[in-house]
Amino acid sequence: MTIASTTAMTFNPKERDFIRRELDMFFSTYPTIAEGIQLRTWRGGARAGAPKIPPTAQSMLDRGLLRLDVTLRPPRLFFTDEGLAELRVMMADRRLADPAKFTHIREELGLPNERKSTQPGGATGVL
């Protein structure tokens, strides 16, 4: 019999905020998980062309929740399998991510979306 690990990696509050900002609407465009999180690059100096990795993203890279791809322009961060599992947990919890605001991400992760409907008597509710 195999005992599964009970220690679950979870995003800390700063990481959740970073994820919400990066996956929210950007200039009337919804980003996707598959396209990754775009990073800026250093323009000059000794690190010219190297990606600027925010400290919050660096902590997720160090824990194996994200991976860095510098072959693309601009460089991007992608969720690993473990990171996707944690993102799915985060997006499933309405306290951590507004289901209405992140419908596009919930659909990409295969999570059910909550739709509002009008019930008899004019009351609105969640199906």
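Every number here is computed from the coordinates shown, using simple stated rules; none is lab data. Everything quoted here is computed from the prediction, not taken from an experiment. FYI the Cβ positions are ideal-geometry reconstructions off the backbone, even for glycines, and counts take in every protein chain you see.
A cut-off of 5 Å between modelled amide H atoms, ignoring neighbours fewer than 5 places along the same chain, links residue 41 with 52. With Cα atoms as the point set, the radius of gyration and Dmax of the stretch 1-115 evaluate to 15.5, 56 Å. Calculated FRET efficiency, residue 24 and residue 67, Cβ-Cβ r, R0 25 Å, to nearest 0.05? Calculated value: 0.70. Given R0 = 22 Å, the distance between the Cβ atoms of residue 17 and residue 107 translates into a calculated FRET efficiency of 0.50. Annotation for residue 80 and residue 38: the two label points, set 7 Å from Cα along the Cα-Cβ direction, are 2.6 nm apart.
3J(HN,Hα) along the stretch 92-101, derived from phi through the Karplus expression 6.51 cos²θ - 1.76 cosθ + 1.60 where θ = phi - 60°, amounts to 6, 8, 5, 6, 9, 8, 4, x, 5, 6 Hz, with x in place of Gly and Pro. Of the chymotrypsin sites (Phe, Trp or Tyr not before Pro) in the stretch 16-113, the ones in a loop by DSSP (not H, G, I, E or B) with at most 14 other beta carbons within 10 Å are 27, 42.
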